[in-house]
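Peer 1: The structure is given below, and queries will be raised subsequently.
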Amino acid sequence: MENNSSLLQKTKELMLGIIAQNGSDPWCLTSHLPEAQKWARFLTKNHPEADSEVVLFSVWLHDSGHYPITPEDHAIKSEKIAKDFLEKEKFDPAKLALVLHCVRAHRCKDIMPRTLEAKILACADSASHMTDPSMYPSMIAEGRAVAALEKLERDYRDTESFPEAQKKLKDFYDAWKKILTAYVDLNLE
C-alpha cells in the first residue's frame, strides 16, 4: 500500500471534489466515507488474507456516482467513475478488476459480492450507516422514516457475513430499530 498511498489520497480528494461540486451533501458522504473506512480497516485486520488496498480504494470510490443526483443507479455510475479514474492513474489492472467488482456489488442488490474484498466493502458500507449518526436521522428529516427502517434491516442483514462486526453492531441495530419504529408509529409522514 505504501507505493499507492499518494494515489489513495488523490482518490479521497476526487471524492471530496465530487461532493463539493454538487454544492451540498444530502447523502452525508463526508461523514459516511471516513466511517466506512474505519469499518473496512477493522474487517481487514480481522481478515488479513483480504487485499486491504483493494478494499480502501473501493471504500473511497463506491459512492462516487451519487453526484450529480440522477435516477441512474449510483453503483453503476460509481463503477464507471472508478474505472475511468484508476485507469487514468495507471492502477494495477488486476487490482482494478477487484475494485470495480467491489464498487459495483456494494449494494448487494442486482450483483452480489463474490470476493472477500467485496464482502468486506458491503459490510463496511452497511455497518457505517449504523454508526454514522447522520444516516437515519437525515432520512427522517426528508420524510422517509419508513424507508430508514427498511434500510436499517438491509444494513444489518448485509453484515451477516462477518459475525465479529455484527456482534459490535447489535446494540446500534437494536437502538436504531427502537427509535425508527417509534418514529414510524407516530404516523407523522
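The values are calculated or read from the model by the stated rules, or taken from the named source; none is laboratory data. This structure is a prediction, so every number in the text was calculated from the model and none was measured. No Cβ is skipped: glycine too gets one built from the backbone with ideal geometry, and neighbour counts run over all protein chains shown.
Peer 1: Would you tally the residues in the stretch 153-189 being of a type in the set (Asp, Glu) and either at pLDDT below 95 or under 20 Å from HIS47 (Cα atoms) (or both)?
Peer 2: Qualifying residue count for the region: 5.
Peer 1: All but one of (1) in contact with a helix residue (DSSP H, G or I) (Cβ under 8 Å, 6 or more places away or on another chain); (2) outside any helix (DSSP H, G or I) hold for VAL54; which doesn't?
Peer 2: The failed condition is (2).
Peer 1: Inside the stretch 71-119, can you point out the residues that are among the aromatic types (Phe, Trp, Tyr) and either under 18 Å from GLU49 (Cα atoms) or assigned to a helix (DSSP H, G or I) (or both)?
Peer 2: Let us first name the residues in the stretch 71-119 that are among the aromatic types (Phe, Trp, Tyr), namely 85, 91.
Once the filter is applied, which keeps residues that are among the aromatic types (Phe, Trp, Tyr) and either under 18 Å from GLU49 (Cα atoms) or assigned to a helix (DSSP H, G or I) (or both), the stretch 71-119 yields only PHE85.
Peer 1: Among residues belonging to the stretch 46-94 that are of a type in the set (D, E, K, R) and crowded, with 18+ Cβ neighbours inside 10 Å, point out the one that is farthest from ILE18 (Cα to Cα). Full working, then the answer.
Peer 2: If we filter the stretch 46-94 for residues that are of a type in the set (D, E, K, R), which is where we start, we get 49, 51, 53, 63, 72-73, 77, 79-80, 83-84, 87-90, 92.
Remaining after also requiring crowded, with 18+ Cβ neighbours inside 10 Å: 51, 53, 63, 77, 79, 83.
Values: ASP51: 26, GLU53: 22, ASP63: 10, LYS77: 13, GLU79: 15, LYS83: 15 Å.
Looking at residues that are of a type in the set (D, E, K, R) and crowded, with 18+ Cβ neighbours inside 10 Å, I get ASP51.
Peer 1: Identify all residues within the stretch 96-152 that are among the hydroxyl-bearing types (Ser, Thr, Tyr) and within 20 Å of ILE76 (Cα to Cα); write none if there are none.
Peer 2: First, the residues of the stretch 96-152 that are among the hydroxyl-bearing types (Ser, Thr, Tyr): 115, 126, 128, 131, 134, 136, 138.
Those that are among the hydroxyl-bearing types (Ser, Thr, Tyr) and within 20 Å of ILE76 (Cα to Cα): THR115, SER126.
Peer 1: Just a yes or no: is a residue in the stretch 138-145 surrounded by fewer than 17 Cβ atoms within 10 Å (Cβ to Cβ), assigned to a helix (DSSP H, G or I) and out of contact with any strand residue (DSSP E or B) (no Cβ under 6 Å at 6 or more places or on another chain)?
Peer 2: Within the stretch 138-145, the first condition is being surrounded by fewer than 17 Cβ atoms within 10 Å (Cβ to Cβ), and the residues that meet it are 141-144.
Filter once more, so that each one left must be assigned to a helix (DSSP H, G or I): 141.
Next, only the ones that are out of contact with any strand residue (DSSP E or B) (no Cβ under 6 Å at 6 or more places or on another chain) stay: 141.
Yes - at least one qualifying residue is present in the stretch 138-145.
Peer 1: So ALA122 passes all but one of these: (1) part of a helix (DSSP H, G or I); (2) modelled with pLDDT of 95 or more; (3) surrounded by fewer than 18 Cβ atoms within 10 Å (Cβ to Cβ); (4) not aromatic (Phe, Trp, Tyr). Which condition number does it fail?
Peer 2: (3)
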